[in-house]
Amino acid sequence: MKSTLEGFGEGLLEAARERKDLILLHADMDAVPIIDPFVSNFPGRAINCGVSEQDMIMTAAGLALGGKTPVVLSWSAFLTTRAFDQIRTCLAIPGLQAILAGTHAGLSAGEEGVSHQMNQDIALMRSLPNMSVLVPADAASSSESVSLSLDHPGPVYLRLGADRVPDTCTDRNADVRAGSGRLLREGDGITICACGIMVHEALKAAEILSQQGISAEVIDCFSIKPLPSQQILASLRRTGCCVVAEEHNLIGGLGEAVASLSASENPVPVRCVAISDRYGQSGAPRELQEYYGLTFREIVGESAQAWSMRRR
Amino acid sequence: MKTAERRELEGLALEVRKDIVRMTGVARSGNIGSSLSLVDILVYLYWKVLRIRPEEPHWPARDRVVLSKSHACPALYAVLANRGFFDRSELWNFRRLGAMLQGHPEMVRTPGVDAPGGSVGMGIGIANGLMLASGFDGLDSRVFCILGDGELQEGSIWESAMKTPDLGSGKIIALVDMNGMQMNGPVKDIRNIEPLREKFESFRWTVVEADGHDFDDLEGAFALALKRADEGPSVILARTVPGKGFSLAEKGLLGYPSSPMNRERMEQALREMESATGGTGKGEDL
């Protein structure tokens, strides 16, 4: 078990070996274990910008304008909020290539409390035209996300967690890109779309649902924008109902993206397991997951509800 | 500076000023006060300082200009057109749907625009990144960042200015168009940014002062800033007059800075500019 942050670090090293133009910028994140290996492998290609996210994004934009590929790392809570204007004006509007890695996202900031637990970042980032949003579920997927982001035009927001997570992405050779989903389990009773830590919960829920006679299809929607729309719609046509599970506020995340897709293309019941428009508090990440109802149990419950209203 | 050289620059500045009046007049909007104050600075920069190739706007080794006070883009557009980056006729579509020349610069649309803008306070940070990039590539490009005095109220300016001296080799020269005015009135009355020299010096920048409408003074200021560039960043504090060259704008009688020009005002401005310089311009009517 590794965190998606650690997986990102591995993918970053691999990408930096191939791409000499890749420059890492971070906002005083030396304590994060992925910085040291990068600095020792690529001296001179990591810049500690200090506690100044706005300057870091503007510097990244300047680097991108000068033909470099900046990869920016900071706490998701501060990267996406403090520097939102810079992200919009300097990177998203001109569509410059950059990776924005926001770590300690969601409940993984745990004991740090509400200010550090970022559950609105997906909403902020996916509202920007030209911006893509990837939310890897495990370390391997996170590692791969670096190259997927570099193969994709424009800026990409990569949402990372600091807490260790189980491996969920079993098919290492799947042909994925930004805009595709990973089909982790086939079924025709209900579609479960999940991202990040909720993918593991979705797989557990699918196991329980199968014992109850509901065959769940589980899609790892790691690419929230662009959304794997055709794959989701094809699944909805088979199942006629859907549950979306995400470690994010109910507003503006994967749930709304899938619900909106379904509403316009193939209206079926879509129910969401997400944080119900409230802020968190200090606690261990796993405790918080229980407290805020982000476990397989809620997915099972919502699935039963959605299944009872299914439209085929 | 030789008299003939100064005359030439004054003639170019007159053409640029008239184009600013025409384009904001046709568009019936655009920040004329902040554009006119910047004209002489940009003319000196684009005709005497910059290493650029208008026919090859993406030439990798070019000097870069970051217009941080991007609301003054009419001045930049008029300079770029007169410097040959694109056809002057584009100026008359300023701010129109589908136009190359947007209300605030959009770099992907406009040849010669090197950096995104529109939200102020971002120029020094972008310049820092551009300088780093040219350092990685071993290029000798210089980065010029044009700031307004009002936008120095943005905290992000100082975040970036604090960083610049530590970025190692590279040449960043910032210039503040000190026209003393911001949207709602005098900068000193709204949020006083002084003492500015001491602020930049305490941030480890070399400070050079100049009259932003005097080409001899600008020549000396740019020469000094460039000479010092290897030692660290320099900033030229250029004293200017808002709306320079158009009496109504200089006196602040246009009201709200973006208040629309009209035919009458446009003709008055063009007449004033022609007569003040003895009619050295092309006398083109619009």
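Which residue, of B:194, B:198, is free of Cβ contacts under 8 Å to residues at least 60 places away in the same chain, part of a loop (DSSP other than H, G, I, E, B), out of contact with any Cys (no Cβ under 9 Å at 6 or more places or on another chain) and surrounded by fewer than 13 Cβ atoms within 10 Å (Cβ to Cβ)?
Selected residue: B:194, the only one of B:194, B:198 that is free of Cβ contacts under 8 Å to residues at least 60 places away in the same chain, part of a loop (DSSP other than H, G, I, E, B), out of contact with any Cys (no Cβ under 9 Å at 6 or more places or on another chain) and surrounded by fewer than 13 Cβ atoms within 10 Å (Cβ to Cβ).
Of A:43, A:33, which residue is within 20 Å of residue A:7 (Cβ to Cβ), assigned to a loop (DSSP other than H, G, I, E, B) and not aliphatic (A, V, I, L, M)?
A:33
I'd like to verify a number: residues in the stretch A:73-87 that are under 14 Å from residue B:126 (Cβ atoms) and either in contact (Cβ under 8 Å) with a residue 40 or more places away in the chain or more than 8 Å from chain B (Cβ to nearest Cβ) (or both), how many?
Of the residues in the stretch A:73-87, 2 are under 14 Å from residue B:126 (Cβ atoms) and either in contact (Cβ under 8 Å) with a residue 40 or more places away in the chain or more than 8 Å from chain B (Cβ to nearest Cβ) (or both).
For the stretch B:189-246, which residues satisfy the criterion of being in contact with a strand residue (DSSP E or B) (Cβ under 8 Å, 6 or more places away or on another chain) and charged (D, E, K, R)?
Matches in the stretch B:189-246: B:197, B:201, B:209, B:211, B:217, B:228, B:230, B:231, B:239.
Can you tell which of A:47, A:57, A:35 is crowded, with 24+ Cβ neighbours inside 10 Å and more than 7 Å from chain B (Cβ to nearest Cβ)?
Only one candidate qualifies: A:57.
Being within 26 Å of residue B:172 (Cβ to Cβ) and at pLDDT 95 or above is the filter here, so list the residues in the stretch B:227-241 that pass it.
The answer is B:233, B:234, B:235, B:236, B:237, B:238, B:239, B:240.
Residue under question is residue A:100, and the condition is that it be within 25 Å of residue B:155 (Cβ to Cβ) and assigned to a loop (DSSP other than H, G, I, E, B); does it hold?
no
Test residue B:68 against the stated conditions and say whether it is touching a residue at least 60 places away in the same chain (Cβ under 8 Å), within 14 Å of another protein chain (Cβ to nearest Cβ) and of a type in the set (Ser, Thr, Tyr).
In short, yes.
Look through the stretch B:145-159, keep the residues that are more than 10 Å from chain A (Cβ to nearest Cβ) and out of contact with any strand residue (DSSP E or B) (no Cβ under 6 Å at 6 or more places or on another chain), and return whichever of them is surrounded by the most Cβ atoms within 10 Å (Cβ to Cβ).
B:152
Which members of the stretch A:1-27 meet the condition of being among the charged types (D, E, K, R) and either surrounded by fewer than 16 Cβ atoms within 10 Å (Cβ to Cβ) or over 27 Å from residue B:162 (Cβ atoms) (or both)?
A:2, A:6, A:10, A:14, A:17, A:18, A:19, A:20 - these are the residues of the stretch A:1-27 that are among the charged types (D, E, K, R) and either surrounded by fewer than 16 Cβ atoms within 10 Å (Cβ to Cβ) or over 27 Å from residue B:162 (Cβ atoms) (or both).
What's the number of the only condition in (1) of a type outside the set (Ser, Thr, Tyr); (2) part of a loop (DSSP other than H, G, I, E, B); (3) in contact with a Phe, Trp or Tyr (Cβ under 9 Å, 6 or more places away or on another chain); (4) within 14 Å of chain B (Cβ to nearest Cβ) that residue A:63 fails to meet?
Failing condition for residue A:63: (2).
Sort out which residues of the stretch A:5-30 are away from every other protein chain (no Cβ under 14 Å), out of contact with any helix residue (DSSP H, G or I) (no Cβ under 7 Å at 6 or more places or on another chain) and in a loop (DSSP other than H, G, I, E, B), and write them in order of number.
A:30
Give the residue that is nearest to residue B:170 (Cα to Cα), with candidates limited to residues of the stretch B:89-143 that are more than 8 Å from every other protein chain (Cβ to nearest Cβ), free of Cβ contacts under 8 Å to residues at least 40 places away in the same chain and in a helix (DSSP H, G or I).
Across the stretch B:89-143, the extreme among qualifying residues is B:135.
Give me the pairs: first residue in the stretch A:137-164 and in the same structural domain as residue A:109 (by TED's automatic domain parsing) and buried (at least 23 other Cβ atoms within 10 Å of the Cβ), second residue basic (Lys, Arg) and in a strand (DSSP E or B), beta-carbon distance under 7 Å, and six or more apart or on different chains, which are they?
Short answer, once both residue conditions are applied: A:139/A:2.
Select from the stretch B:106-131 the residues that are surrounded by fewer than 24 Cβ atoms within 10 Å (Cβ to Cβ) and either charged (D, E, K, R) or in contact with a helix residue (DSSP H, G or I) (Cβ under 7 Å, 6 or more places away or on another chain) (or both) and list them in ascending order.
Within the stretch B:106-131, B:106, B:109, B:112, B:118, B:119, B:120 meet the criteria.
The values are calculated or read from the model by the stated rules, or taken from the named source; none is laboratory data. Bear in mind the structure is a predicted one, so any value in this text is a computation, not a measurement. A quick note on method: Cβ atoms are made from the backbone with ideal geometry, for glycine too, and the neighbour counts reach across all protein chains shown.
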